[in-house]
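Colleague: Pasting a structure here, questions to come.
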Protein chains: 4
Amino acid sequence: MNMLIRLGSLTSLILILLFSAANGQSRKEIRVPDILGYQTLKCDFHMHTVFSDGDVWPTVRVEEAWTEGLDVIAITDHIEYRPHSVDMEADLNRPYEVAKPLADQLGIVLIRGAEITRNMPPGHLNAIFIKNANLLEREDWWEACVEAREQGAFVFWSHPGWKEQQPDTTIWWPEHTRLMNAGILKGIEIYNHKEYYPEAVRWAQEKNLVILGNSDVHAPSTQEYSEGKFSRPITLVFAMDKTESAIKTALVDNRTAVLFNDTLIAERRFLTPIFIAAIQIKTKKLNLIDQDIKYLQIYNNSDIPFKLHQRQPSVGFSCPEEIELPANRTVSVELTGISEEVEQMPVLKMFYEATNLITKRGEKLPVNIDIPNK
Amino acid sequence: MNMLIRLGSLTSLILILLFSAANGQSRKEIRVPDILGYQTLKCDFHMHTVFSDGDVWPTVRVEEAWTEGLDVIAITDHIEYRPHSVDMEADLNRPYEVAKPLADQLGIVLIRGAEITRNMPPGHLNAIFIKNANLLEREDWWEACVEAREQGAFVFWSHPGWKEQQPDTTIWWPEHTRLMNAGILKGIEIYNHKEYYPEAVRWAQEKNLVILGNSDVHAPSTQEYSEGKFSRPITLVFAMDKTESAIKTALVDNRTAVLFNDTLIAERRFLTPIFIAAIQIKTKKLNLIDQDIKYLQIYNNSDIPFKLHQRQPSVGFSCPEEIELPANRTVSVELTGISEEVEQMPVLKMFYEATNLITKRGEKLPVNIDIPNK
Amino acid sequence: MNMLIRLGSLTSLILILLFSAANGQSRKEIRVPDILGYQTLKCDFHMHTVFSDGDVWPTVRVEEAWTEGLDVIAITDHIEYRPHSVDMEADLNRPYEVAKPLADQLGIVLIRGAEITRNMPPGHLNAIFIKNANLLEREDWWEACVEAREQGAFVFWSHPGWKEQQPDTTIWWPEHTRLMNAGILKGIEIYNHKEYYPEAVRWAQEKNLVILGNSDVHAPSTQEYSEGKFSRPITLVFAMDKTESAIKTALVDNRTAVLFNDTLIAERRFLTPIFIAAIQIKTKKLNLIDQDIKYLQIYNNSDIPFKLHQRQPSVGFSCPEEIELPANRTVSVELTGISEEVEQMPVLKMFYEATNLITKRGEKLPVNIDIPNK
Amino acid sequence: MNMLIRLGSLTSLILILLFSAANGQSRKEIRVPDILGYQTLKCDFHMHTVFSDGDVWPTVRVEEAWTEGLDVIAITDHIEYRPHSVDMEADLNRPYEVAKPLADQLGIVLIRGAEITRNMPPGHLNAIFIKNANLLEREDWWEACVEAREQGAFVFWSHPGWKEQQPDTTIWWPEHTRLMNAGILKGIEIYNHKEYYPEAVRWAQEKNLVILGNSDVHAPSTQEYSEGKFSRPITLVFAMDKTESAIKTALVDNRTAVLFNDTLIAERRFLTPIFIAAIQIKTKKLNLIDQDIKYLQIYNNSDIPFKLHQRQPSVGFSCPEEIELPANRTVSVELTGISEEVEQMPVLKMFYEATNLITKRGEKLPVNIDIPNK
C-alpha cells in the first residue's frame, strides 16, 4: 500500500518508509579496525540488478549495503547480457541514477560501474569509476576496454576461475597480459560469490594486481547468503577518507584486503596491524613462576575470528598449540612455567601463525604476542 | 556470474541454480493441521514486483513463497500506479508470465491478479483469478470492477483502514455496498503488511465477507520482516486440494482464516478443529487424588502458539489460570485435587478460552481439554 | 528468593516453580520416527552430579532431560571417585532418590546407575538397572562387577578410547573378554561427550555388543554443549513402551542406535525404516519425458538431516550426485529425462547411500527412493 | 570421564578442561562505556549454590559469570535455610573457598557473602564483604546483623517486594529504619531475578540507599533465563579499579546503576555520561536547508538499546517523535527543514527523553543531541 505516499510526494519520501529508525530498520556495523592512519572501508564492487540479469531494483542494493554494514558499492550490470530486455529499457546508466539518491541519503558511496561480459578470453571484466556505461557496448571487446580506460575506469578480472569459462583449469591468457600492458587491467577477484581462486592470489602477487573479493549478487542478498554456510565477501579498502576519489586512489595504490568466510587475505603490511589492533591482552601482569599455571585473557574486539597455531616454542613456559580467538569474545589461555628463568622475564613472548590470515604470498601470517609478566 | 549458464540454456536452467537441493536452498514447512477433510493451504494474495512499485523481479516472489512455506500466491501489481514506467514496459500480464515457469517447477500455485488502485472511495481493490490484467486499465473505477467480474475475478478490499486513505477513522462507504450488491466485492483484508483492522472483522461478520490477511510486500520479504517484531501474514484456505479451482471454490465458500503475529482469526467452525488437531495430551492416566498434585504434559504440534485463559473452574481439582502452549513444544501443567470426588472421575475437564484464537464475531475461542484420569 | 516457598511446603512444590507452563519452561521434542512397532525413546545413560565430580544437583539432570526432549536417563556417579567428599556425604544411592520425584512429575524414566571407575584395564564401566550403588564399592574391581551382575545390572564399557587411559591406541583387553564371558559386559559406548570411537563400533559388531552414545555430562548441559559445534549425543532405544522394564528388554535385545552430530549409527534393520519413515515425497506424479527437466520435492519430517550420495545411475534419467535433506525442511531435486523409455516408467528409481547413516558394519546405508512418474 | 585427570593432578587442572580457549569456551563482553574516570564493572551480588538451596556447585557461578561478561560476583547462600543438609556439610564459608581458585584464574572478583534469611520483618538481607559466614548464624536476627556490621559487611535488603513475604503491598517496616540508623542497612534491591520494585527506587531516593539489581539465581543461569523474555539483571558499579576494595568504596559512595531487560536505572549524574559515551553521530555535516529532508546517522556502540521520545520541538526543523537506537546498530533519522533560519545554524539541537533510562527520582532522562550542520 505504498502507492499514495509515493504518488503524492517526492521520490525521496519513498525511501524514508523503509530506511528510517521509525521503521525498525537498522545497520549492523562490521568491526574491523582502522589501521595505519587509513579508514578501513567495507566494499563490494560487483553486483547486479533487474537492469541486466539480477532480481532486484537498484535501490535494494543500497538498502542491503547499508543494513549489512558496507560503506561502498558498485552496481555492475552486464553490458552484453540483458535477459530482461523484453520488459526493460536498455539504458545501462539507469541503475546508478536510480540508486544514487538513496545512497546519498544513507551515506553509501555508490561507484558507477559495469561488467564487460565476454567469452574467455578475456572473460568478464568489471569496470568501475566509469562515466557512461552505454559507451562500453562495442562489437569488439578490446574497444570496450579501451573505452573504459578512456573514461578513467579501474578494471578488474571477475571470477577468473569460474568453471563455466575455465572448466578444467584456471588459465592466465595472453589477452590478460595485453590488458595489463595497456594499463587497463589493474585488479583481480580472488573470491567471487561463494568461490575462492588461490591461483588468482598467486597472479596478484607476481603481477602486482589489486586483489578484490565481491559478492556478484543477483538475488536479494539475504536469500543468497541465507543458508549460513557462506558469508558475503568484502573487499576492504584502506582509504584516507570515505570519498570516491580516496577510494580510487587506494585501489590504484594497492591498498586492499579480501575477507570471506572468516579468512582475510592481504599484504603482510595490512594484516599485521589489523591483528594487533583487534586483540587486547586483558591480563595486567601474569607473574608466572616455574611449575605453576596461569591464565591469560585475550579479547578479540573485531568481527574477524583468529585461529592461531604455534610456530615455535616459547622460552621458559609452555602454551597451547592451537588458540582460537572468536570474534567479539574473550578467551582464557593456559600458560605453564617450565623453568626458573621465567620468573625474571618482564615480558613473555608467544610465537604463532594465524592460519586464517593469509598473505598475498600465500603464507600464514606470523604473529607474536607479548604478555606483561613482572 | 550467472550469465553464460543463462545465455547457453533454457530459462528453466537459471532457476535450478538457486532452487535446488544442490544449492543449499530449502523450504520450511508451516505446521498448521489439515482439518475437516480439507487441506490447509498457506496463501498470500497481495504482493508487488518491479512491474509496478515493488523492488523485485516476479520470480523472487515465487522463491520467497517456496522458501517460507507458502502454497499459493497472487502477484497483484498496481494497474494505475507504475512508477518504474520510465524503465519498464507497461504490460501487466508479464509478472504472471515471468513467474509461472518457476511456480510450476516448485509446486507453487500462482494466481493471476492485479490491484485496482483508486482514491477512496473505493480505495484499493485486489482482483484475483483474472484473465487479462491489461483490460482492467479503465478511466472509470466502476468499469474496471465490472471488467474484473466479467473475467471471473474474486475481488477483495485491500487495507481498508490504511491511514493514508482513511486518516481519521475506518469507514465503510456506499461504494462498497454497491460493489457488494453487484456481486463484485466478496472479501476484505483484515490484516495487511504489519497492520490489523478490527473493524474489517466486524464488517466481514455482518456482511458475510471472506476475510484475508496478506503481506502486500514491496521489498524482498526477508528485508520487510527482518526485524522480527512482525511475521508475514498468511491467509489460510481450507481447500479440497491444491489446485487453482479448488482454491477459488474455497474462497467463494468462505473457507479462510487469517494468521498474523501468532493470532488466528476465523469462524469458530475452523478454529476449534485446528486447536484440537494441534494439541496432544501426552499423559496417559493422571490418577489424581484429593490433596495431591499431578502434572499433565501437553504437546503443541503446530507452528501456532496457544495462549489459554481459564474461563470457569473445574470440578474436583484446580488448574492454572493461564497456560501458554508454545509452538512445537511440550509444557507441564500442574493440577491439584481439591475434593475426594476427583478420585472417581474417569475424565477431568478443563475450561479455557484461547486468547489468540479469535472468532469472526470478535470473541476468544472457548476450548475444553479432557484428561484421562482413571 | 525460593526459600519461603520451599520452607513452607512440600518438596514437590519446589519443582513446580521451575517446571510448569506458568514459569515459561517448555520441552523441545526430538523428532525421530517410531519404527517397527516400537517407540523410539531418546536416552542418555551416563551423567554426573555433585555427588561425585559433577557440578549440579541431581534434579538438574532431570530438568535438562525434560527440556531437551529426552525420555530416559541414568545418573551414574563414580563409585570410587568423589572429590566433593569434604563437603558431601558418601551415600551413592542419594542422587537417584533426590532426582526421582521430579522425574516422576515430568514423565522422565530415571534408571538407577553408577560408574565403576578403575584404571585400565578394565577402565570405566557403567552399571545401570542396579538396586544399591553403595554395594558396588569394593576393593577388587571384579567383585564390584559381579555385585552389579547380582543386582541385575546392564553393564557397558564407557569411553573405551579415552586418551587418558588409552593414550596411544584403543585396545580390547583380556579383562573385557573375561567380563563378557561372565555375562557381565553387554554394551559399549561408541560415542562419549564429544568423542567418537570407530573401533568400538567394530568390536560391537564382532562381539554382538549393544552400542550406546552418552553425554557423560559433568557441568550444566547447556554449558557443555553451548558452543554449538557438538550436540548432546543420544542413545535411541526401540522399546515396546516407555517403562523401565521395556527399556531393559530392548537393551538386552540389542535394539539401540546412537545419534551424535547428525550421524546415526545402528544395525541396518533400524536405519532403513527410520529413513523411510522420515522422508516424504511431496510430488504426486512427475511425468518426466525425454530431454525434459522436472523437480521433485522431498520433505524430511525429522530432526536428523540426511546426506545422500548417488551409488549407481538411474535408468532413463539423471539425478544429482549429492542430495542434502536438512532436518524439517523440503528440498527440490532436479531430474532430467535422458531416454524415451522414461516416459513409460510408472516409477522412477534413484539409488543413493546415506553418508551419515552408518551401519554397525561401518558401511554407509544404501537407500532407494521411488518416485511416482506416470 | 573427567576423573583420571582430576585424580592425577592439581585442582586447577580441572578448571582448564572447561574454561580454556582450547575447549571452545569464550566470554561475551558486555558493552557499557566507562564514565567519569571510573571503570563500569558488571556485578551480581546475589546467587545460590548447592550449599543452601541452589542447584549448582560454586565453581559454576564463576564459570557463568565469566562466560556472560560479569566482572564481580558474590555467592550468598542462605544462613538459615539449607535444605540439602541431609547430604551436605554445614560450613557456609565453603562456597567461597571452593569457588575462589577458579575466580582468580578467570579474573572474576569474588566477594564473600551470605543471605540472612528471616521472616518479614526484616525479610532477607544480603551481607557482602563479610569475613566468616558461619558467625552470622544466630537465634536473633538483630544479632546476626550486628555481627555482619562487625565484620565490615555492606548489607542490602533483598527482593523487598517479594509476594511471599509482602503479599498485598510493599511495606517499609520500622525494623528497616532501625537497621539504617544502626549503620547496617545501606542498599536495596530494586530488581531481583525477574521482578522489579518501583517502590524500592522511591525509598532509595528518599533514604539515600544504594540501588542493586541481582539475579538471585538458583538453577544454572542458562536455564533460568533461557526463555529469552528476561535477561539476567546486572548491578553496574562505577569503581576506580577492578579490586575488592575499590568496589566496596564505590558501593559505599553510592556509585551504582541497575540494568534489567533494557532498562537502566541510576542517578542522573551516571545516566547522562553513559548515553553520551554510547552514541556517536556518524554524519559529518548535515547542511540542512528549508523544505529539504536530510538523514542523520546515529550509531549506538553499546549493548543497551535507547528508546527516545521527543520532549520539545526543535528550532528550524522537525524530527521524529520517537527514535529507537538498537544496541550495536546504526539508524537513519529523518530531519526536515521548516524555516530558512535552519540554513544558518551551525548546530542543530534535538530534545528527547530516554524512556528506558530512569533516574532515581523515577523520571525519564532528558537527552539533547547536537548535530553539526554548517
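Bear in mind that the values in this text are calculations on the coordinates, not laboratory data. On a predicted model such as this, the values are computed, not experimentally measured, just so you know. Cβ: placed from backbone, ideal geometry, glycine included. Neighbour counts: every protein chain shown.
Colleague: At each listed q (0.13, 0.14 Å⁻¹), what is the log10 of I(q)/I(0) that the Debye formula gives for the range D:28-261 modelled as equal alpha-carbon point scatterers?
Modeller: Scattering profile of the range D:28-261, log10 relative to I(0): -0.72, -0.84.
Colleague: Continuing with the same structure: Please report the net charge: other residues with Cβ closer than 15 Å to the Cβ of residue C:181, K and R +1, D and E -1.
Modeller: Values: positive: C:149, C:178, C:186, C:207; negative: C:175, C:206.
Counting the neighbours of residue C:181, the net charge comes to +2.
Colleague: Just to be sure I follow: if Rg is taken over the C-alpha atoms of the range D:31-79 and Rh is the Kirkwood radius over the same atoms, what is Rg/Rh?
Modeller: On the way: Rg = 13.1 Å, Rh = 11.9 Å.
On the Cα set of the range D:31-79, Rg over Rh gives 1.09.
Colleague: Let me ask something else. Could you size up the charge dipole of chain A around its Cα centre, putting +1 on the beta carbon of Lys and Arg and -1 on that of Asp and Glu, and report it in debye to the nearest 20? Each step should come with its number before you reach the end.
Modeller: On the way: 39 positive and 51 negative charges, 198 e Å.
With Lys and Arg at +1 and Asp and Glu at -1, about 960 debye.
Colleague: What lysines sit close enough to residue A:186 to cross-link, taking a C-alpha to C-alpha distance under 29 Å and skipping anything fewer than 8 places away on the same chain?
Modeller: A:42, A:100, A:131, A:163, A:194, A:207, A:242, A:248, A:360, A:364
Colleague: Right, something else. Given the options B:141, B:198, B:215, identify the residue whose Cα lies farthest towards the positive end of the charge dipole of the range B:18-261 (+1 on Cβ of Lys, Arg; -1 on Cβ of Asp, Glu).
Modeller: It is B:198, whose Cα lies furthest towards the positive end.
Colleague: Now, a different point. Determine the percent antiparallel among the DSSP beta bridges restricted to the range B:278-372, to the nearest 5. Don't skip to the end; give the middle numbers.
Modeller: Details: 30 of 31 bridges.
So the antiparallel bridges in the range B:278-372 amount to around 95 percent.
Colleague: Please state the shape class of the protein assembly as shown: rounded when a/c is under 1.5, otherwise prolate if a/b exceeds b/c and oblate if not, all from the C-alpha gyration tensor.
Modeller: rounded
Colleague: Along the positive direction of the dipole of the range D:157-303 (beta-carbon charges: Lys, Arg +1; Asp, Glu -1; about the Cα centre), which of D:231, D:159, D:298 reaches farthest?
Modeller: Comparing the listed Cα positions along the dipole, D:298 ranks first.
Colleague: Once every DSSP H run of n ≥ 4 in the protein assembly as shown is given -39500 (n - 2.57) and the sum is divided by its residues, what mean residue ellipticity at 222 nm do you get, rounded to the nearest 500 deg cm²/dmol?
Modeller: Numbers: 40 runs with 355 residues, N = 1496.
About -6500 deg cm²/dmol.
Colleague: Here's something else I'd like to know. Output the relative contact order of the range C:169-321, whole-number percent, from Cα pairs under 8 angstrom with separation of 6+ residues. Intermediate results must be reported in sequence, preceding the final value.
Modeller: Working: 176 pairs, mean separation 22.1, N = 153.
Reported relative contact order: 14 percent.
Colleague: Could you pull the copy-to-copy label distances for residue D:355, with points set 7 Å along Cα to Cβ, in nm to one decimal and sorted shortest first?
Modeller: Here residue D:355 shows inter-copy label distances of 2.1, 5.0, 5.3 nm.
Colleague: Let me ask something else. Looking at chain A only, what percent of DSSP beta bridges run antiparallel? Nearest 5 please.
Modeller: Working: 55 of 75 bridges.
Here the antiparallel bridges make up roughly 75 percent for chain A.
Colleague: Pick from B:228, B:37, B:24 the residue whose mean-square fluctuation is largest in a GNM of chain B, springs joining Cα atoms under 10 Å.
Modeller: Fluctuation is largest for B:24.
Colleague: Also, I was wondering about something else. Please state the charge dipole magnitude for the range B:196-334, taken about the Cα centre, from unit charges on C-beta atoms (+1 on K and R, -1 on D and E), reported in debye and rounded to the nearest 20.
Modeller: On the way: 16 positive and 17 negative charges, 82 e Å.
Around 400 debye, computed over the range B:196-334.
Colleague: On to the next question. Between Rg and the Kirkwood Rh of the range C:277-372, both from Cα atoms, what is the Rg to Rh ratio? Before the final figure, lay out the partial values.
Modeller: Values: Rg = 13.5 Å, Rh = 13.8 Å.
Rg/Rh: 0.98.
Colleague: Closest beta-carbon to the C-to-B rotation axis: which chain C residue owns it, and what is the separation in whole Å?
Modeller: C:328, 5
Colleague: Could I ask something else about it? Quote the charge dipole size of the protein assembly as shown about the Cα centre in Debye, to the nearest 20; the model charges only the Cβ of Lys and Arg (+1) and of Asp and Glu (-1).
Modeller: Values: 156 positive and 204 negative charges, 1 e Å.
Computed charge dipole of the protein assembly as shown: roughly 0 debye.
Colleague: How high is the relative contact order of chain A, in percent, with contacts defined as C-alpha pairs under 8 Å that are six or more residues apart? Don't skip to the end; give the middle numbers.
Modeller: Working: 833 pairs, mean separation 50.0, N = 374.
After rounding, I find 13 percent.
Colleague: If we count other beta carbons within 10 Å of each Cβ, what is the order of B:97, B:175, fewest first? Before the final figure, lay out the partial values.
Modeller: On the way: B:97 13, B:175 17.
So the residues, fewest neighbours to most, are B:97, B:175.
Colleague: Looking at the protein assembly as shown, what % of its DSSP beta bridges pair antiparallel, to the nearest 5?
Modeller: Numbers: 232 of 312 bridges.
Antiparallel bridges make up about 75 percent of those DSSP assigns within the protein assembly as shown.
Colleague: For the range A:280-339 and the range C:272-314, what is the separation of their Cα centres, given in Å?
Modeller: What the calculation gives is 49 Å, centre to centre.
Colleague: Please rank B:336, C:67, D:169, fewest neighbouring Cβ atoms within 10 Å first, as an exposure proxy.
Modeller: D:169, B:336, C:67
Colleague: Put the label 7 Å from Cα along Cα→Cβ for residue A:284; what are its distances to the other copies, in nanometres, shortest first?
Modeller: Nearest to farthest, the other copies are at 4.1, 6.4, 7.6 nm.
Colleague: Using a Gaussian network model of chain B whose springs link C-alpha atoms within less than 10 Å, name the residue from B:43, B:319, B:145 with the highest mean-square fluctuation.
Modeller: With Cα springs under 10 Å in chain B, the top fluctuation among B:43, B:319, B:145 is at B:319.
Colleague: Can you list, shortest first in nanometers, how far residue C:36 lies from the same residue in the other copies, with each label 7 Å from Cα toward Cβ?
Modeller: From this label point to the equivalent ones elsewhere in the assembly: 4.3, 6.5, 7.1 nm.
Colleague: Choose one of B:125, B:98, B:108: the residue whose Cα lies farthest towards the positive end of the charge dipole of the range B:94-135 (beta-carbon charges +1 Lys, Arg; -1 Asp, Glu; about the Cα centre).
Modeller: B:125
Colleague: Could I ask something else about it? Between C:80, C:363, C:341, where does the largest GNM mean-square fluctuation fall for chain C, given springs only between Cα atoms within less than 10 Å?
Modeller: Top of the fluctuation ranking is C:341.
Colleague: For a quick check: sort A:82, D:361, B:255 by the number of other beta carbons within 10 angstrom, fewest at the front.
Modeller: On the way: A:82 18, D:361 11, B:255 22.
Fewest-to-most ranking of A:82, D:361, B:255: D:361, A:82, B:255.
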